[in-house]
1. Kindly give Rg over Rh for the stretch 1-71, based on alpha-carbon atoms, with the Kirkwood expression for the hydrodynamic radius.
2. Taking 0.36 nm per intervening residue step and subtracting the Cα-Cα distance, what contour gain separates LEU108 from THR155 on full extension?
3. By DSSP, what percent of the beta bridges with both residues in the chain are antiparallel, rounded to the nearest 5?
4. Defining a contact as two alpha carbons under 8 Å apart and six or more residues distant in sequence, what relative contact order in percent does the stretch 3-226 show?
5. For q = 0.12, 0.18 Å⁻¹, what log10 I(q)/I(0) does the stretch 107-214 give under the Debye formula with an equal point scatterer on each alpha carbon and no solvent?
6. Based only on the alpha carbon positions, what is the Kirkwood hydrodynamic radius of the stretch 3-226, in angstrom?
Amino acid sequence: MLTVLHQDEHLVAIDKPPGLLVHRTGLDAGETRFAMQLLRDQLGRHVWPVHRLDKGTSGVLLFALDADTARRVGQAFEQGHGLHKTYQAVVRGWPADEGEIDHPLRRLPDDSRDTRDLVQTAQTRYRTLARLTLPLAQGPHPNTRLARVALHPLTGRRHQLRRHLKHIAHPIVGDATHGKGPLNRDVAAHLGLQRLWLHATDLALPHPVTGLPLVLHAPLGPEWGMWPQA
């Protein structure tokens with residue numbers, strides 16, 4: 001059963017587990033479980049997804065309970081007005097204490113029906129929360145440096161956080177597409193768990209009907225406790 005973080009007459013938010021697709025897609029034709037269908041079955045009513053999380057990403061995922069609310073919230077996500085998202089991730093290396101990644105991203109093939117803007121502006125702010133060391137040899141180094149970071153995307157491009165962290169040479173651990181395969185395998189073997197270490201902790205936006213602030217929070221799962229303390 002999915003964990004419901006918030007529900008009212010217009011919206012429902014869940015804590016999406018890692019490895020679960022939001023909805024059916026041709027890119028993962030073999031999948032049979034989807035957050036949207038599971039939530040429909042759990043609530044006994046239709047739901048409309050208003051944004052996406054990657055399959056491997058866990059955390060706050062918001063749905064509308066009617067088409068008009070879905071349209072309003074979808075516009076808020078597109079325009080970014082009053083919308084604030086926070087993620088936590090584990091990345092390779094030790095980034096600076098804080099910074100902003102301002103790096104345009106090319107649209108992915110399934111990103112939009114409108115392909116006029118093939119390259120889009122994209123900005124992400126980050127803050128290093130803790131610097132970690134694992135006893136895993138990488139090349140000439142006897143240990144592996146990793147870091148826990150808070151991420152604040154200022155734009156909403158597809159796979160933005162994963163692509164931006166790769167761009168600054170601090171890829172997210174467990175990212176099979178934009179990360180480092182040997183490191184991912186070594187960390188998974190060391191922890192006894194393989195996943196994309198990216199979690200949507202917080203989502204804040206004006207409620208599309210009342211206009212009041214809506215703040216949603218999904219705590220880190222217990223598996224995050226396997227990481228050593230800084």
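Each reported figure results from applying straightforward, stated rules to the coordinates on display, with no laboratory input. None of the values given here were measured: they were computed from a predicted structure.
1. Details: Rg = 11.4 Å, Rh = 12.2 Å.
Looking at the stretch 1-71, the ratio lands at 0.94.
2. Details: separation 47, 0.36 × 47 = 16.92 nm, distance 1.53 nm.
That pair, LEU108 and THR155, stretches by 15.4 nm at full extension.
3. Details: 48 of 51 bridges.
Rounded to the nearest five, the antiparallel share is 95 percent.
4. Relative contact order for the stretch 3-226 comes out at 21 percent.
5. Evaluating at q = 0.12, 0.18 Å⁻¹ gives log10 I(q)/I(0) of -0.56, -1.02.
6. Values: mean 1/r = 0.0541 Å⁻¹.
Mean inverse Cα-Cα distance, inverted, gives 18.5 Å.
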